[in-house]
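See structure below.
The values are calculated or read from the model by the stated rules, or taken from the named source; none is laboratory data. All figures in this text were calculated on a predicted structure; none of them were measured in a lab. Positions of Cβ are backbone-derived with ideal geometry, glycine not excepted, and every protein chain shown enters the neighbour counts. Keep in mind that these areas ignore ligands, DNA and RNA; they rest on the heavy atoms of the full protein, side chains included. Shrake-Rupley method; radii C 1.70, N 1.55, O 1.52, S 1.80 Å.
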Amino acid sequence: MIELKGINKSYGNLRVLDDVSLSIGSNEIITIVGPSGAGKTTLLQIAGTLDRPDSGSVLYDGEDIARFNDRRLSAFRNRNIGFIFQFHQLLPEFTAQENVALPAMIAGESSRKAQKRAAELLDMLGLGDRLRHKPTQLSGGERQRAAIARALVNSPGVIFADEPTGSLDSRNRDEIRSAIADLRERLGQTFVIVTHDPSMTSIADRTVRMADGRILAEGEEGCDISVEISSPIC
């Protein structure tokens, strides 16, 4: 579905990604772990088209989207990619339903259809009775579930999540982890998740460990990837 080949990225003299390659399959949950400064978020941003590599290819179904101009890339991103951030980024002046519907309306969907889709997703995520609530009237976990619904509203092929449980307490972390696992089962959704939350790896098909701008190891769920190895120890 998505293939990153030989990705390099530097900011000034700082090499953030060093010849990184990664394949992402359909209907897969991948977690990316590693210490701060490992390059996890930069890799996520490049894979999600929010940033461009200095060199290398970003292939979606075989097409190198890193070559798209900004306008074409923006349209592609809106239709094909969803994002979840550590802090929900909901607009405070809009209701939960309006926040979720907004990306669909930007993509050209009618307000009626966008609002209907938003209501369906919020209901799926247990927020059917919170449609008219504004972000300040929602709990932290509810705001993050609304952010997940917003990421799903255009039925993207992949959702990139950067520390989606990082600002939540343990109960809400459990809720978000369960919601992501359920969405993969119900919708066949692909998730790529950067996380420092060890419990998130329990729902992953693969965990990718990074350090110093490189991928050190990949392992299936339940594999020990705590050291640099060529094959995970299960």
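See the values below:
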{"read-out": "Per residue, in Å², the accessible surface of the chain once ligands and nucleic acids are set aside, probe 1.4 Å", "value": "47"}
{"read-out": "P(r) of the range 89-171 over all Cα-Cα pairs, binned every 5 Å from zero, in whole percent", "value": "3, 17, 28, 25, 19, 7, 2, 0"}
{"read-out": "5 angstrom amide H check on ILE193, placed H, neighbours 5+ away", "value": "ILE30, THR31, ILE32, ALA161"}
{"read-out": "Share antiparallel - DSSP beta bridges, the chain, percent rounded to 5", "value": "55"}
{"read-out": "Derived scalar couplings ³J(HN,Hα) [the range 82-93; Karplus, 6.51 cos²θ - 1.76 cosθ + 1.60; whole Hz; x for Gly, Pro]", "value": "x, 10, 10, 10, 4, 9, 3, 6, 6, 7, x, 7"}
{"read-out": "Partners for LYS5 among lysines (Cα-Cα distance below 29 Å; same-chain residues under 8 apart left out)", "value": "LYS40"}
{"read-out": "Matching label, semi-axes √(5λ) of the Cα gyration tensor in Å computed from the structure shown, candidates (i) 29, 21, 15; (ii) 36, 17, 16; (iii) 35, 26, 19", "value": "(i)"}
{"read-out": "The chain - percent relative contact order, Cα under 8 Å, separation 6 or more", "value": "26"}
{"read-out": "Exposure of ASP182 as accessible area (Å², to 10), given a probe of 1.4 Å and all protein chains", "value": "60"}
{"read-out": "Calculated from backbone phi, Karplus (6.51, -1.76, 1.60) coupling profile of the range 66-72 in Hz, x at Gly/Pro", "value": "5, 8, 5, 6, 4, 5, 5"}
{"read-out": "Carbon + sulfur, % of accessible area of the chain - ligands and nucleic acids excluded, 1.4 Å", "value": "46"}
{"read-out": "Probe 1.4 Å, all protein chains present, accessible-area order of ILE215, ILE176, largest first", "value": "ILE215, ILE176"}
{"read-out": "Largest to smallest accessible area among MET200, MET1 [probe 1.4 Å]", "value": "MET1, MET200"}
{"read-out": "Share antiparallel - DSSP beta bridges, the range 1-125, percent rounded to 5", "value": "100"}
{"read-out": "Charge dipole magnitude, Cβ of K and R +1, D and E -1 - the chain, Cα centre, debye nearest 20", "value": "920"}
{"read-out": "Helix-only CD estimate at 222 nm, as mean residue ellipticity for the chain, using -39500 (n - 2.57) per DSSP H run (n ≥ 4)", "value": "-10000 deg cm²/dmol"}
{"read-out": "Local net charge near MET1, Cβ-Cβ under 12 Å (Lys/Arg +1, Asp/Glu -1)", "value": "-4"}
{"read-out": "For the range 111-122, Karplus couplings with θ = phi - 60° (6.51, -1.76, 1.60), whole Hz, Gly/Pro x", "value": "4, 4, 5, 5, 5, 5, 4, 4, 5, 5, 5, 5"}
{"read-out": "Accessible area of ILE29 in the full protein assembly, 1.4 Å probe (Å², nearest 10)", "value": "0"}
